[in-house]
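Working notes, beginning with the structure itself.
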Amino acid sequence: MKLTFTLFFAFGVFLSSGQQMNQDSVMVRQIYDEVLANAEAHDNLHYLCKEIGHRLSGSPQLEDAIYWGKELLENYGADNVFLQPVMVPKWTRGEQETAHMHVGEEAERIRITALGGSIGTGGTIKAPVIEVKYLEDLDTLGREAVEGKIVLFNRPMDPLLINTGMAYGGAYDQRSYGASKAAEYGAVGALVRSLTHAVDTFPHTGAMRYQEDIPRIPAAGISTVDARKIKLALKEGKEVEVSMNMNCVAYDDVEQFNVIAEIKGSEFPDEYIVVGGHLDSWDIGEGAHDDGAGIVQSIEVLRTLKALDYKPKRTIRVVLFINEENGNNGGKTYAAVAKDQSDFHFAAIESDSGGFSPRGFSIEGDDEGYDALKEWVSILEPYGIHVARRGWSGVDIRPLKNDEVLLFGLVPDNQRYFDYHHSNNDIWENVNRRELHLGAASMASLVYFLDNL
């Protein structure tokens, strides 16, 4: 009798599990059908990029983007949309940077872009160039070799790493800390090879940090083509000088806002599932892949669920974070307010790796969450989703990390991402409509799975 009951119970569980998987598959199909037939994400990205443009923290353009996002989410039928105050840095590059490479009597223009947070040059500076690959090389060279020079940090991203994000992380220290390390030995300026596998004339910007007890020197990204030119001339034994003019200015912090929209949960309204990206971008290009794509995908999740008349059990929050690029005050403020209000976050999903074809999701969470993700990915496999891995989720949602919340990052095909990242090449024309929409559909599917976990 006991064996019969056990078999009957197991068979019932099997049927229940099978019915749930069938229900999930039907819902996923409806989500993809809605997105692929009716998505507005690519059109919304066009407006964000072309009508508003790049959106650095503290800028009028980011202010315009904040109210654009608020109005769009209201128009898509969010139950509640509100602005969350955030103090953000305000830095501008001023007039366009100029630089030249001098070899003997010859001068050739080179392409540079000030790194975010750099000081200006206070007029044109001109000095001999010394090339290094690693910050530690300066310790070996010493002050006598470095003082009065412009240091070129010229270590490429590792081409052997398939994961381009890991290659970026492996080269990141020279951009972030190079200027202070060079200044420690008396350098007057720093140039950093752009963090990209591409060999082109687009210099890439990005955040840099000054060490408090070391003099500040101007720092700029240099295109990979021009970094190669300098390297070749130095290798041939020529003395190379660089002249550069940068007009950067830092102002006092200003108040701007995270944009938060909600679809209220029917059973657990005090449990939140966040989906978002960062609304700010660097002040060159249009911030299309980084992170306009994540913004419009997150908004598309809300539009899609409303279009399907889906009634979530938990409250779904779309958050358009600000100031990810040069401070992450948007993510930090959101997490701090959530903690003060004792808000319970069940899960958070971030899209900040470009609008390319989605491959799956990374997760920061417990074993139960990881096992669930693997099951969901198996349901999404017909839609090109196959990655379920432990790993980084996202800068904006990471401040929410604790022992309870599940954090997810959308994982697209990232082989081309750093061709565009932080450069004038990050424009709407380089975002494929279908790939962008497939990413939005995969995110909406994950929201559905989490809501029913």
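Of note:
- Backbone phi angles across segment 259-274, fed through the Karplus curve with coefficients 6.51, -1.76 and 1.60 (θ = phi - 60°), yield HN-Hα couplings of 10, 10, 10, 10, 10, 5, x, 8, 10, 10, x, 9, 10, 10, 10, 9 Hz in residue order; Gly and Pro are listed as x.
- Cβ-Cβ FRET estimate between residue 270 and residue 453, R0 fixed at 22 Å, reported to 0.05: 0.85
- Once backbone amide H atoms are built at 1.01 Å from N, residue 131 has 152 as its partners under 5 Å, excluding neighbours fewer than 5 places away on the same chain.
- Dimensions in Å of segment 125-235 - Rg and Dmax from alpha carbons: 13.3, 39
- Straightening the chain between residue 403 and residue 255 buys 50.1 nm, computed as 0.36 nm per residue apart minus the Cα-Cα spacing.
- Taking amide hydrogens as placed 1.01 Å from N in the peptide plane, the amide H of residue 86 sits under 5 Å from those of 256, 257, 258, each at least 5 positions away in sequence or on another chain.
- For segment 190-245, the relative contact order is 40 percent, taking Cα pairs closer than 8 Å that sit 6 or more residues apart in sequence and dividing their mean separation by the residue count.
- Using only alpha-carbon positions in segment 278-416, the gyration tensor eigenvalues give semi-axes of 22, 20, 16 Å once each is multiplied by 5 and square-rooted (largest first).
- Computed extension length for residue 75-residue 235: 51.6 nm, one decimal, from 0.36 nm per residue of separation with the Cα-Cα distance subtracted.
- Hz values of 3J(HN,Hα) by residue in segment 318-331 - Karplus curve (6.51, -1.76, 1.60), Gly and Pro given as x: 9, 10, 9, 6, 10, 6, 5, 5, 9, x, 6, 5, x, x
- Within a straight-line Cα-Cα reach of under 20 Å, residue 306 can be paired with the following lysines, leaving aside sequence neighbours fewer than 8 residues apart in one chain: 70, 264.
- Local electrostatic count at residue 108 - Lys and Arg +1, Asp and Glu -1, tallied over other residues with Cβ under 12 Å: -1
- Accessible area per residue for the chain, computed on protein heavy atoms with a 1.4 Å probe, is 43 Å².
- Helix-derived mean residue ellipticity, 222 nm - over the chain, DSSP H n ≥ 4, -39500 (n - 2.57), to 500: -12000 deg cm²/dmol
- Relative contact order, whole percent, for the chain stands at 21, derived from Cα pairs under 8 Å and 6 or more residues apart.
- Qualifying aspartates and glutamates (Cα of each under 17 Å from Cα of residue 313; at least 8 residues distant if same chain): 24, 79, 262, 267, 270, 271, 343, 451
- FRET E, pair residue 339, residue 105, Förster distance 45 Å, beta-carbon r, rounded to 0.05: 0.10
- Taking 7 Å steps out from each Cα toward its Cβ at residue 141 and residue 247 produces label points 3.0 nm apart.
- Computed 3J(HN,Hα) for segment 43-60, one whole-Hz value per residue from the Karplus formula 6.51 cos²θ - 1.76 cosθ + 1.60 where θ = phi - 60°, is 5, 5, 5, 4, 5, 4, 7, 8, 8, 9, x, 5, 9, 6, 3, x, 8, x, glycine and proline marked x.
- Other-chain or far-sequence residues with amide H under 5 Å of residue 189's (modelled H): 151
- Other residues within the sphere of radius under 12 Å centred on the Cβ of residue 227, judged by their own Cβ, net out at +4 (K and R +1, D and E -1).
- Residues of segment 302-326 with amide N under 11 Å of the 7 Å Cα→Cβ point at residue 38: 303-310
- The lysines within cross-link reach of residue 133, meaning a Cα-to-Cα straight distance under 22 Å and a gap of 8 or more places when in the same chain, are 149, 181, 229, 231, 235, 238.
- Sites matching chymotrypsin sites (Phe, Trp or Tyr not before Pro) across segment 27-134 that sit in DSSP coil, with at most 12 neighbouring C-beta atoms within 10 Å: none
- Mean projected area of the Cα convex hull of the chain, taken over all directions, amounts to 24.6 nm².
The values are calculated or read from the model by the stated rules, or taken from the named source; none is laboratory data. On a predicted model such as this, the values are computed, not experimentally measured, just so you know. Because the Cβ atoms are built from the backbone with ideal geometry, glycine has one as well, and the counts that use them run over all protein chains shown. Just the protein is used for accessible areas: all its heavy atoms, side chains included, with ligands, DNA and RNA removed. Shrake-Rupley method; radii C 1.70, N 1.55, O 1.52, S 1.80 Å.
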